[in-house]
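Peer 1: The following block contains the structure, expressed as C-alpha cells.
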Amino acid sequence: MEKLIKFTFWLLTLLSPLHGVIITMIFLIIVDFITGSYASFKKHIPIRGSRIAHTVSKFFIYNLVILAAYFLEKHIVNEVPFLKIIAGFIAIAEIKSILENYNTIYGVNPFKALVNLIRLTPLKDTVDSLTEGEENETNNINTNKNETE
C-alpha cells in the first residue's frame, strides 16, 4: 500500500504543471456534452450510448494528447510550445462544437450576432474594412486561379 501511495504522489507531482490545462479541457468536454444533449433533446433525437461513449473516449484521447505534448515540449524540444498549440486547437474545436450546439438550441449564431453587435458601435467602419479586405483577397485568388487555367 505504501508503494501505491508513493507512486500516486510521484505521478501527481509530475503532472502538476498540467493541472490547469487538463481542468479546462474537462470543463469544455462537459459543457459540450451538456449542450449537445440539450440540442438533441430540442431536436427530438434520442441520446444513444454510442454518443456518450464518444464523449468518454474524447476525454481520454484529448488528455493523452495533452500529456504527450507536455512531455514532448518538456523533454525533447524546448523551443516549440507544443502544449499551448495542441491545447489551443483542442479548445477551439470544443468551443466550435459548443457554439454549434448553442445555434441548434436557440437558433442564433453567436459569431454573426457579435459582428452585428459590433457594427452598431463606432467600430462599424473597421469591421466593414476588414470584411472588404477579405472579399478582395478572395476575388484576387479566384481571378489568379482563372488566369492560370
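Peer 1: Which part of segment 8-43 falls in the paramagnetic zone of Thr104, meaning amide N under 12 Å from the point 7 Å along Cα-to-beta-carbon?
Peer 2: 32-43
Peer 1: Once you mark the trypsin sites (Lys or Arg not before Pro) that are in a DSSP loop and have at most 15 other Cβ atoms within 10 Å, what is the longest gap between them in the chain? Spell out each step's value before the answer.
Peer 2: Values: sites that count: Lys43, Arg48, Arg119.
With a cap of 15 other Cβ atoms within 10 Å, the longest stretch comes to 49-118.
Peer 1: Can you list the lysines whose alpha carbon sits under 22 Å from that of Lys124, skipping same-chain ones fewer than 8 residues off?
Peer 2: Lys112
Peer 1: List every residue whose amide H lies under 5 Å from the amide H of Arg119, counting only residues 5 or more places away in sequence or on a different chain, with H placed 1.01 Å from N in the peptide plane.
Peer 2: none
Peer 1: Would you calculate the separation in nanometres between label points at Leu14 and Leu117, each defined as 7 Å from the Cα along the Cα-to-beta-carbon direction?
Peer 2: In this crude label model, Leu14 to Leu117 measures out at 4.4 nm.
Peer 1: Once phi is turned into θ = phi - 60°, what whole-Hz ³J(HN,Hα) does the Karplus curve with 6.51, -1.76 and 1.60 give for every residue of segment 50-65, x standing for Gly and Pro?
Peer 2: 5, 5, 5, 5, 4, 5, 5, 5, 4, 4, 5, 5, 4, 5, 5, 5
Peer 1: Is there a pair in Lys43/Lys96; Lys3/Lys84; Lys6/Lys58 whose C-alpha atoms are over 23 Å apart, and which pairs would that be? Provide the component values of the computation, followed by the final result.
Peer 2: Working: Lys43/Lys96 19 Å; Lys3/Lys84 33 Å; Lys6/Lys58 29 Å.
In this structure, Lys3/Lys84; Lys6/Lys58 lie more than 23 Å apart at Cα.
Peer 1: Please report the net charge: other residues with Cβ closer than 15 Å to the Cβ of Lys84, K and R +1, D and E -1.
Peer 2: Working: positive: Lys74; negative: Glu73, Glu79.
Counting the neighbours of Lys84, the net charge comes to -1.
Peer 1: How compact is segment 7-77 by the rule of thumb for globular proteins, expressed as Cα Rg over 2.2 N^0.38 Å? Don't skip to the answer; put the middle values down first.
Peer 2: Numbers: Rg = 15.8 Å, N = 71, 2.2 N^0.38 = 11.1 Å.
For segment 7-77, the normalised Cα radius of gyration is 1.42.
Peer 1: Can I ask one more? Between beta-carbons, use under 14 Å as the cut-off and find the net charge around Asp32, counting Lys and Arg +1, Asp and Glu -1. Don't jump to the answer; show the numbers that get you there.
Peer 2: Values: positive: Arg51, Lys58, Lys96; negative: Glu94, Glu100.
Here the count lands on +1.
Peer 1: With each run of n ≥ 4 DSSP H residues scored as -39500 (n - 2.57), what mean residue ellipticity at 222 nm is computed for the chain after dividing by its residue count and rounding to the nearest 500 deg cm²/dmol? Before the final figure, lay out the partial values.
Peer 2: Working: 6 runs with 124 residues, N = 149.
The helix contribution divided over the chain gives -29000 deg cm²/dmol.
Peer 1: To the nearest 20 Debye, how big is the dipole of segment 1-112 about its Cα centre, given +1 on the beta carbon of each Lys and Arg and -1 on that of each Asp and Glu? Don't skip to the end; give the middle numbers.
Peer 2: Details: 11 positive and 6 negative charges, 70 e Å.
Dipole size: approximately 340 debye.
Peer 1: Between Pro46, Pro122, Pro17, where does the largest GNM mean-square fluctuation fall for the chain, given springs only between Cα atoms within less than 10 Å?
Peer 2: Pro122
Peer 1: Now, a different point. GNM, the chain, Cα, under 10 Å: largest mean-square fluctuation among Leu15, Leu120, Leu99?
Peer 2: Leu120
Here, each number is a calculation from the coordinates, and none is a lab measurement. From a predicted model like this one, the values you see are computed outputs, not experimental measurements. Positions of Cβ are backbone-derived with ideal geometry, glycine not excepted, and every protein chain shown enters the neighbour counts.
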